[in-house]
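Written out below as structure tokens is the structure these notes cover.
The values are calculated or read from the model by the stated rules, or taken from the named source; none is laboratory data. What you see is a predicted model, and the numbers here were worked out from it, not measured in a lab. Counting neighbours? That spans all protein chains shown, and the Cβs are built from the backbone with ideal geometry, glycine included. The area values use the complete protein model at the heavy-atom level, side chains included, leaving out ligands, DNA and RNA. Shrake-Rupley method; radii C 1.70, N 1.55, O 1.52, S 1.80 Å.
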Amino acid sequence: MSANALKSEIIETDVLVIGGGTGGPMAAIKAKEADPTLRVVLLEKANVKRSGAISMGMDGLNNAVVPGYATPEQYVKEITVANDGIVHQKALMAYAQGSYPMIQYLDRIGVKFEKDGSGEYNMRKVHHMGTYVLPMPEGHNVKKVLYRQLRRLQVGVINRYMATRLLRGPDGRIAGAIGVNTRTSEFLVVRAKAVVLACGAAGRLGLPASGYLFGTYENAANCGDGYAMAYHAGAELANLECYQINPLIKDYNGPSCAYVTGPFGGYTANNRGERFIECDYWSGQMMLEFWRELQSGNGPVFLKLDHLREETISEIETILHTNERPSRGRFHERRGNNYRHRPVEMHISEIGFCSGHSASGVWVDEHARTTIPGLYAAGDMASVPHNYMLGAFVNGGIAGADAAAFCAEVDLAGYDSADLAAGRERVLAPTRREDGLTPHEIEFKTRRLVNDYLEPPKVTAKMQIGQRRFAEIREDLDHLVARDPHELHRALELQSILDCADMAAAASLYRTESRWGFYHLRADYPDRDDANWSCHTMLFKDERGRMAHRKRVVDPYIVPVAAAEMSAYHQLRIRTPAAAE
């Protein structure tokens, strides 16, 4: 591969959406629906038809705000409590108010939800306080439905191009992005009036217990490149110390789905078959109780279904084995697991960033705007907590519509050609070497060190050692080699992973308290300190290119929460565990 011979192309558009998984397609769709005359481009490093976290569909909505079961105000209160009060309630309310209209929209265009005999949505209770779960037994068609809409609206889809850096104009607003083809290494510069980042979680941060680089809980393509691009462009990121950590099926890179089986009577149990938490909805406090049980003489922890009736178990299998992760059924079959005969062993996932399951993301307001004019973020990489798939759809739609309005007020911004040249040189540097360290080798080392030094319980001295080790790895990048476009793709992802590791360490050291249960459990600061840390922690790149921090005050609540209610998620443990009757 001759780096000098690589072709480079420049195109112009109004709205550029980066990421073709969940929030990205909806942002593109809603931008086009807001103004059909807009030029909208969707850039995806894989293929939009089967990319992102919902590539194989989804088994349910975790946070559906459906009239008759919950109000937007109830939902905002629930998530405020679940997230220890550190939320931007206006953004939560924007989601909550858009939830039911989005469900109806998805229903109209062909996404299938479970309904009862009268045709109403068949809601289930899993959360500690409200009823928000809507099963999707036939949710395998979501991506196909989205793709049809993209085609119908004539959104420009560019597959196999990975965005590597954002471009900014002299006035500070967004100017576009640089991309590289994952099959040919050709360059693409997309000039745009507005950019929507929808690149998913930083799911390839910690190393899974299996040791497989791609054996992650999250879609392994979601390596944190959106977080890294936003950081290097100068956007602020919020609460990155609030990790994503989830309960898994032991030795399988997927959720145990106690929250799916809960409405059917399944539950999380210890080795005595006893239920020890009242609510299987994912929260930091739930994960703390889960971890404590694993460390005690009552571990391991299991998903218990063997007390259920045959028809109930069959219905659970239909949902879990045909949507989102169809390999789950084959895993159980080959391991000899049968829900009817014995519980399924569970474990804890590797760490990552993901607002969809926690609260760590690029800061956005209620309009999905970041701190850079013209730059938006949506889905698992934006800062709206407990976002999930429906949140990605709603907030992606908000971002797309607002971006369309923004485009009507501005022209294309210029950009510094030196930024483009520097971005090109950074990308191509590994291709100019004939020998050195492979992306696989450096990624494995980075992620192993993430496990060694950043996993909770977090210890100051360990995290500081981790920072020094990451700095040594950054020096190793001068020896990184990419011998073909595939390795170049992996080399670029590796650099995003290393950026996220640095951000995870720095953010965790900055907040000197424990909060969000297991997500930010600091051994040397074990208590919650509301006097000093009842705030958002913002991470950004300062004028000298260094990682910097500041506190951001939590805006006044628009939905009041009584002090007595704020402790609800800290009372999940069952005081006297008892087996099911």
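Take 508-517, 217-226 and order them by the average number of nearby Cβ atoms within 10 Å per residue, most first; the result is 217-226, 508-517.
Quick one: of K45/K144; K7/K445; K30/K115; K32/K144; K90/K458, which pairs are farther than 23 Å apart, Cα to Cα? Check vs 23 Å cut-off fails for K7/K445; K30/K115; K90/K458.
Sorting K115, K304, K541 by accessible area (1.4 Å probe), largest first, what list results? Numbers along the way, then the final one.
Values: K115 90, K304 30, K541 65 Å².
The residues order as K115, K541, K304, largest area first.
Taking the centroid of alpha carbons for each part, the range 442-483 and the range 519-581 are 26 Å apart. In terms of the mean number of neighbouring beta-carbon atoms within 10 Å, the peptides 286-296, 430-440, 91-101 order highest first as 91-101, 286-296, 430-440.
Between Y121, I79, I442, the Cα set farthest toward the positive side of the dipole of the chain (charges on each charged residue's Cβ, about the Cα centre) is that of I442. Every helix of 4 or more DSSP H residues in the chain counts as -39500 (n - 2.57), and over all residues that averages to -11000 deg cm²/dmol at 222 nm. Sorting Y161, Y243 on solvent-accessible area from highest to lowest, probe radius 1.4 Å, gives Y161, Y243. In summary, the helical segments of the chain meeting the span-like criteria, namely a full DSSP H run, a Cα extent along the axis of 20 angstrom or more and a mean Kyte-Doolittle hydropathy of at least 0.5, are 388-407. Rolling a 1.4 Å probe across the protein heavy atoms gives the chain an accessible surface of 37 Å² per residue. Name the residue from Y415, L305, F353 whose Cα lies farthest towards the positive end of the charge dipole of the range 286-433, charges +1 on Cβ of Lys and Arg and -1 on Cβ of Asp and Glu. Value computed over the given set: L305. Measuring only protein heavy atoms, the 1.4 Å probe finds K90 accessible over about 100 Å². The 1.4 Å probe gives accessible areas that order D116, D416, largest first, as D416, D116.
Of all the accessible heavy-atom surface of the chain, with the other protein chains kept in place and a 1.4 Å probe, what percent is carbon and sulfur?
Details: 10200 of 21350 Å².
Result for the chain: 48 percent of the exposed heavy-atom area is carbon or sulfur.
For the peptides 493-505, 190-202, the ranking by mean Cβ contacts within 10 Å, running from highest to lowest, is 190-202, 493-505.
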